[in-house]
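Inspection log for the structure reproduced underneath, given as structure tokens.
The values are calculated or read from the model by the stated rules, or taken from the named source; none is laboratory data. Here the structure is a predicted model, which is why all the values come from computation and not from measurement. Counting neighbours? That spans all protein chains shown, and the Cβs are built from the backbone with ideal geometry, glycine included. Ligands, DNA and RNA are stripped out before the accessible areas are found, and what is left, the full protein with its side chains, is counted by its heavy atoms. Shrake-Rupley method; radii C 1.70, N 1.55, O 1.52, S 1.80 Å.
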Amino acid sequence: MCVESDGCEIEGCSSSDEVQTLSGSMSPALKSTAELHPCKPGHKFRAALMRCRTPTAAAGILSFGNVLNYMDRCTVAGVLLDIQRHFDVSDSRVGLLQTVFICSFMVAAPIFGYLGDRFNRKVILSCGIFFWSIVTLSSSFISKEYYWLFVLSRGLVGIGESSYSSISPTIIGDLFTNNSRTMMLSIFYLAIPLGSGLGYILGSGAKEAAGDWHWALRVSPLLGITAGALILLFVPEPKRGSADQGGRANTRSSWCCDMKALAKNRSYVCSSLASAAVSFATGAFGMWIPLYLYRAQVVQKSAEVCTKEICSSKDSYFFSSLIFGAITVVTGLLGVAIGLAATRLCRQRTERADPLVCAVSMLGSAIFICLIFVVAKKSIVGAYVCIFIGETLLFLNWAITADILMFVVIPTRRATAVAFQSFTSHLLGDAGSPYLIGLISDALQQSYATSVLWQFLSLGYALMLCPFVIVLGGMFFLATALFFLDDREKAEKQLSLMTRPPSTVTVSTETTFQWGEPAHGGQETNNQL
């Protein structure tokens, strides 16, 4: 039997148990029997709610929210051709949708990182989900005369989703440690390819079922509101650093100090630049590959050019989006699983396993992604095979990169570190890559604007920039491997000092002082010594 903080008796508890209240505080010692009173229905509900707030359940809910984040992000790409025809815009202008989204996302990330290191994280997460869900739903009612308003709505969605991506990994980092943390972060980041793939499928499927692409933007908001409510009810707010070395961080540095420390952390800087290379490629691919494969089928005369505003399921663009979405889901599952297994195996041989696995996977991915543009003109099946292998290798490093950050950054500045890593990766990566690819494609098409073959080739030439960026990312992961052990050791030492409980050292029978406090009256203390 145990007692909640208001004196209500709760069934099913042992005498040594404590019950956590909704506010997050733990109940005091058991109250005397005379103070007990029967539980009201609301109290029983609260008690049942507390029993559901397990770390595993919290990680599952946070992963579900991450799936929705990326599903909403890629729904637009699943109906990109329909949007382009509806608003009558060029490749570069439709590529601006993703660029504006990512720009607002990365600008808001440092702000949410600062807030996440200092305030209640799950409240920030829930408010962010509610915000982007409402904006996405509202954007589905914008008419074709207001394309600028549709672009603006994607920017607002980016702000809402930024709060989630910046903060949620730090909650998982404070609920688990070591291999358990690697496992849970792998599941969490599995949501990136899973949600992205489902976004393509949802976009194409909802448009086909309703006969209108606007309905593609009306499904994920309902799921988003559900996820926000689940986070408020079932996700706890763990103490920062509670899972590391069995304690919690007792001190917090200023924001300027945090930024200086992160700038000097070589592993963090190099892995952030490598993440930017991954973001560049995934952002460009997610936006343009379905359209590129559709144009390839038109060139091969296995598909006809869609001239209608809403293309039906018989058109190849629908199947390209659907197949690419399915491949993204499968390769995401496979890539994260292989990355987790490879990291565990390589850790037995070298302590630098995490960055080395990322580097090898990046360099291997560049080879197969480059082959996509070689074989696509002749064989769509061959292009899909290269996409499958290239994406699998590329998706290997998402969870591992997050784990590298957890190893080399102390808990009290992890939200800031995640936010600025996100800012850097988007600023140098997918913030500009969709628009840049569209701009290059438009520039190459100027001479032969009406040629179907040249439309296909120009987009392929523009996308060839991605493999070179991926190789550069692999080099940054190799650099991370050089500094990883030193930076991890520094973080562990700093954390051990921060989690050390206050202790009193007796110098003599007359003088005592606390660790970290100056002795008052220096000369007098020396005399006592």
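Quick notes
- Residue list for segment 171-204, restricted to those being more than 17 Å from Gly60 (Cβ to Cβ) and crowded, with 23+ Cβ neighbours inside 10 Å: Pro193, Ser196, Gly197, Gly199, Tyr200, Leu202, Gly203, Ser204
- Identity of the residue in segment 257-277, of a type in the set (A, V, I, L, M, F, W, C) and in contact with a helix residue (DSSP H, G or I) (Cβ under 6 Å, 6 or more places away or on another chain), that ends up surrounded by the fewest Cβ atoms within 10 Å (Cβ to Cβ): Leu262
- In the set Val157, Val151, only one residue is among the aliphatic types (A, V, I, L, M), open to solvent by 10 Å² or more (accessible area, probe 1.4 Å) and part of a helix (DSSP H, G or I); that residue is Val151.
- Output for segment 349-370, where each listed residue is β-branched (Val, Ile, Thr) and either assigned to a helix (DSSP H, G or I) or touching a residue at least 40 places away in the same chain (Cβ under 8 Å) (or both): Val357, Val360, Ile367, Ile369
- Test for Phe280: is it aromatic (Phe, Trp, Tyr) and either open to solvent by 10 Å² or more (accessible area, probe 1.4 Å) or at pLDDT 85 or above (or both): yes
- Counted residues, segment 416-428 - those being touching a Phe, Trp or Tyr at 6+ places or on another chain (Cβ under 8 Å) and either open to solvent by 40 Å² or more (accessible area, probe 1.4 Å) or under 14 Å from Gly113 (Cα atoms) (or both): 6
- Just one of the numbered conditions (1) more than 23 Å from Leu482 (Cα to Cα); (2) out of contact with any Phe, Trp or Tyr (no Cβ under 7 Å at 6 or more places or on another chain); (3) in a helix (DSSP H, G or I) is not true of Ala431: (3).
- Look at (1) touching a residue at least 60 places away in the same chain (Cβ under 8 Å); (2) in contact with a Ser or Thr (Cβ under 9 Å, 6 or more places away or on another chain) and you find that Tyr147 fails only one, number (2).
- Checked against the criterion of being assigned to a helix (DSSP H, G or I), open to solvent by 10 Å² or more (accessible area, probe 1.4 Å) and of a type in the set (Asp, Glu), the candidates Glu208, Glu237 yield just one match: Glu208.
- Segment 371-422 - residue that is closer than 24 Å to Arg344 by Cα and assigned to a loop (DSSP other than H, G, I, E, B) and, of those, modelled with the lowest pLDDT: Ile410
- Residue list for segment 108-137, restricted to those being in contact with a Leu (Cβ under 9 Å, 6 or more places away or on another chain) and open to solvent by 10 Å² or more (accessible area, probe 1.4 Å): Lys122, Val123, Ile124, Phe131, Val135, Leu137
- Selection status of Ala216, part of a helix (DSSP H, G or I), open to solvent by less than 40 Å² (accessible area, probe 1.4 Å) and at pLDDT 80 or above: yes
- Just one of the listed residues (Leu222, Leu293) is modelled with pLDDT of 75 or more, within 22 Å of the chain's Cα centre (by Cα) and in a helix (DSSP H, G or I), and it is Leu222.
- Residue list for segment 52-100, restricted to those being assigned to a loop (DSSP other than H, G, I, E, B), open to solvent by 10 Å² or more (accessible area, probe 1.4 Å) and either touching a residue at least 12 places away in the same chain (Cβ under 8 Å) or in contact with a Pro (Cβ under 8 Å, 6 or more places away or on another chain) (or both): Cys52, Arg53, Asp88, Val89, Ser90
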